[in-house]
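Read through the structure below, which is laid out as structure tokens, and then see the notes.
Throughout, read-outs are computed from the coordinates displayed, never taken from laboratory work. Keep in mind the model is a prediction, meaning the values are calculated, not measured. Glycine also receives a Cβ, built like all others from the backbone with ideal geometry; neighbour counts cover every protein chain displayed.
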């Protein structure tokens, strides 16, 4: 299966879905799927989340609390779930704040395992 | 009610609870409750999470995706939920990775509203 197919299948039927991305750790997107309701700059977003993830990885290492698996950021309008795939790649799922957050997070976890295999 | 009482009530009956804190944005703890199973340096942790929160707030502003409400960080051993109380204060709930994460997150949301009122 292609990476795009995995992203597409992951987001199907998830209410409030805005965008799903596979991103390299320097913030450059490898593949992406966006809904028409997005209204944000995906390129700015991936660069910013790559910087956030780097800072969190550093903090987690300092605190010695295991390997980073997932970061979820909720704002007044959106929920962004970031999942570490391997040392070089992470996945991002962007949803509306009132969307199917639980379902989306679950699907992202399964899709990230698929993507890890596809990139291996 | 005191801040300590609110933290205590929040964590009662939450399996996998390790620590709950009210922290100023410079990383200095205002109050805290820890379980005996902790095994980490609370002071280092709060300073690191204050830095992480600052970076995330910056990113969320750049992306223009609403006001930051909650950040959840899952590692191979733990889950840390950070909730913004007001501009100066945030709450932190630290749990084991296999603990009652959903229940803990729900309780933290309610307790943060209480704490906001107490600090107003």
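Table for the structure above
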read-out: Percentage relative contact order, chain A, counting C-alpha pairs under 8 Å, at least six apart; value: 31
read-out: Residue with peak Gaussian network fluctuation, chain A [Cα springs, cutoff 10 Å], from A:81, A:92, A:14; value: A:14
read-out: Proxy reagent accessibility, fewest Cβ within 10 Å first, across B:78, A:77, A:35, B:2; value: B:2, A:77, A:35, B:78
read-out: Nm distances between copies for residue A:76, ranked from closest, using label points 7 Å along Cα→Cβ; value: 4.0
read-out: Stokes-Einstein diffusion coefficient of the stretch B:27-89, Kirkwood radius over Cα pairs, 37 °C, 0.692 mPa s, in µm²/s; value: 249
read-out: Separation of the residue A:96 and residue B:113 label points, Cα + 7 Å toward Cβ, nm; value: 2.2
read-out: Cα-based shape type of the stretch A:60-120, given that a ≥ b ≥ c are square roots of the gyration tensor eigenvalues and the cut on a/c is 1.5; value: oblate
read-out: Distances in nm from residue A:44 to the matching label points in the other copies, shortest first (labels 7 Å along Cα to Cβ); value: 3.7
read-out: Mean-position separation - Cα centroids, the stretch B:1-74 and the stretch A:60-120, in angstrom; value: 20
read-out: Cβ-derived FRET efficiency at R0 45 Å, residue A:12 paired with residue B:5, nearest 0.05; value: 0.45
read-out: Estimated D of chain B in µm² per second, where Rh is the Kirkwood radius over Cα pairs and Stokes-Einstein applies at 10 °C, 1.306 mPa s; value: 111
read-out: For B:85, B:62, A:23, order by how many other beta-carbon atoms lie within 10 Å, fewest first; value: B:62, B:85, A:23
read-out: Relative contact order (percent, whole number), the stretch B:1-72, Cα cutoff 8 Å, 6+ residue spacing; value: 22
read-out: Computed E for residue B:35/residue B:76 - FRET, C-beta separation, R0 22 angstrom, nearest 0.05; value: 0.70
read-out: Other copies of residue B:13: label-to-label distances in nm, shortest first, labels 7 Å along the beta-carbon direction; value: 3.4
read-out: The protein assembly as shown: C-alpha pair distances exceeding 27 Å, %; value: 32
